[in-house]
């Protein structure tokens, strides 16, 4: 029997044409590219863990979106072990080359870390973390997890639409490096959406790692190629720097927000800023504010300014600097910061901003293990330097170092710079509640709070939470970018409070791309994947 016309017209997709939440009862993945998401779900189908799925997706994204991520970048993960209830963290970032110093840069007339070229290249840690995650947390051989990426590179893949736009933005940078031009502009231009693109050099590099493990990347022919490329571009990276690199397994930091425990990677990551925002805003009744209201946006921006002031002044690599992590995360300290938030007037801002390109992905397996994973070249196409013959684009993570020897984020040989990339994970009453993330440089802590608050304070489902209008406060310009779906009346209110508001289109790039999987009490997994990206969520 057909429904009545009235009943039929009342049925609509979420958000009037938006994506539906994806539901499952076993494994689930969410990623920025459908082909990478498929690699992740196939790893779960083969009996792999959430960590296996994330490694497969991260490697695939290194080929499918080479401007945001790659083998020449860094990676971080958070992992919930369903058997023990423990949350593990891994910092897969590398340090500054041992031969680089502030004095050497000053002798070359450099007063600030360059954005591109050889000098901001640090040791890439992603490949080592891929192997370590598979070995420590997975069940499948690394070679099996990397095979989809190798196939995409060797046999070719159609370039996705959002990826193609990012590629076009990076064209001028790629033309400055001969190997980058040859690798990523083989037809003399960026590939178009749907155009088949092959990367034979990176296919060969992936094959070597599949055969011999991560050591094949950090030593021998490939390691030599990486070091040579960095040095020819004016940097200091050496084969010894690469050979000495190891993943750091770390104790995650956390705070509680309205009964949900939220975990982040500790400094030098900026996850501490996300936790500070949660602590500050816990003292306001966010649920009482409309989800697109000026009042909500104002409070979130003001909390962000305070958290980022601490981030820029007090955070660095704790192996080299005294970072007051415990003090910064205390509820008492949050209360003192909260007193500085005016509900009637926008406060001042500090800088500088950090980089903006990353890929985030996550997975939950049938046993309930959860993995939150992020992989990045820092800025689009990283340093702009590609290792000839290896096809590996090298990151420019060292750009965030300060050349003030007294700053906690000062450049020091072997030191890790402050990192923008932050995976998120949350538990409730000891059980996995969510794996989530929001790529986009300094947007990431802001996005973590906005997406979590959408669910916790405003009762949104997984897809609604990542689709909902977001806003991005830029420290450098003190500009507040708000997506165009926020009502004009609320924009006017924000301006009356003193915010320098830029009203964007319905969906804008600077608010990043979010992926999220919720695990409900009955075991159902609900997944959201950002429409601002090419990707999707899949569930078993």
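All of the numbers you see were taken from the coordinates with simple rules; none came from a lab. On a predicted model such as this, the values are computed, not experimentally measured, just so you know. Virtual Cβ from ideal backbone geometry, glycine too; neighbours counted across all protein chains shown.
Annotations
- Packing-based ranking, highest mean first, of 185-191, 261-267, 243-249 given that Cβ atoms within 10 Å are counted: 261-267, 243-249, 185-191
- Computed on the stretch 404-528, with alpha-carbon pairs under 8 angstrom and 6+ residues apart, the relative contact order is 25 percent.
- Modelled this way, with points 7 Å down the Cα-to-C-beta line, the labels at residue 344 and residue 492 are 2.1 nm from one another.
- Relative packing of 232-241, 523-532, which averages over residues the other C-beta atoms within 10 Å, highest first: 523-532, 232-241
- Dimensionless Rg ratio for the stretch 392-519, taking C-alpha atoms and the 2.2 N^0.38 Å reference: 1.26
- Computed P(r) (all Cα pairs; the chain; 20 Å bins; percent): 24, 58, 17, 1, 0
- Sorted fewest first by neighbouring Cβ atoms within 10 angstrom, 507, 257 come out as 507, 257.
- Mean Cβ neighbour count within 10 Å, used as a protection proxy, ranking 449-462, 316-329, 392-405 highest first: 392-405, 449-462, 316-329
- Modelled spin-label separation between residue 327 and residue 175, with each label point placed 7 Å from Cα along the Cα-to-Cβ direction: 5.1 nm.
- Fully extended contour minus Cα-Cα distance, from residue 261 to residue 161, at 0.36 nm per residue: 32.4 nm
- Alpha-carbon centroids, the stretch 211-273 and the stretch 121-141: separation in whole Å: 10 Å
- Sorted largest first, the principal axis extents computed over the alpha-carbon atoms of the stretch 401-467 equal 46, 27, 15 Å.
- Distance from the stretch 332-347 to the stretch 194-209 (C-alpha centre basis), Å: 51 Å
- What the Cα atoms of the stretch 12-135 give is an Rg and a Dmax of 19.3, 65 Å.
- Equivalent ellipsoid dimensions for the stretch 139-221 as semi-axes, Å, which come from the Cα gyration tensor, largest first: 26, 16, 10
- Taking only the alpha carbons of the stretch 151-283, we obtain Rg and Dmax values of 20.4, 56 Å in that order.
- Kirkwood-Stokes translational diffusion coefficient of the stretch 273-403, alpha-carbon pairs, 4 °C, 1.567 mPa s, µm²/s: 73 µm²/s
- Relative contact order of the chain, defined on C-alpha pairs under 8 angstrom at six or more residues apart (%): 25 percent
- Translational diffusion coefficient of the stretch 211-282 (Stokes-Einstein, Kirkwood radius from Cα pairs, 25 °C, 0.890 mPa s): 161 µm²/s.
- Whole-angstrom gap from the stretch 379-401 to the stretch 406-429, using each part's C-alpha centre: 19 Å
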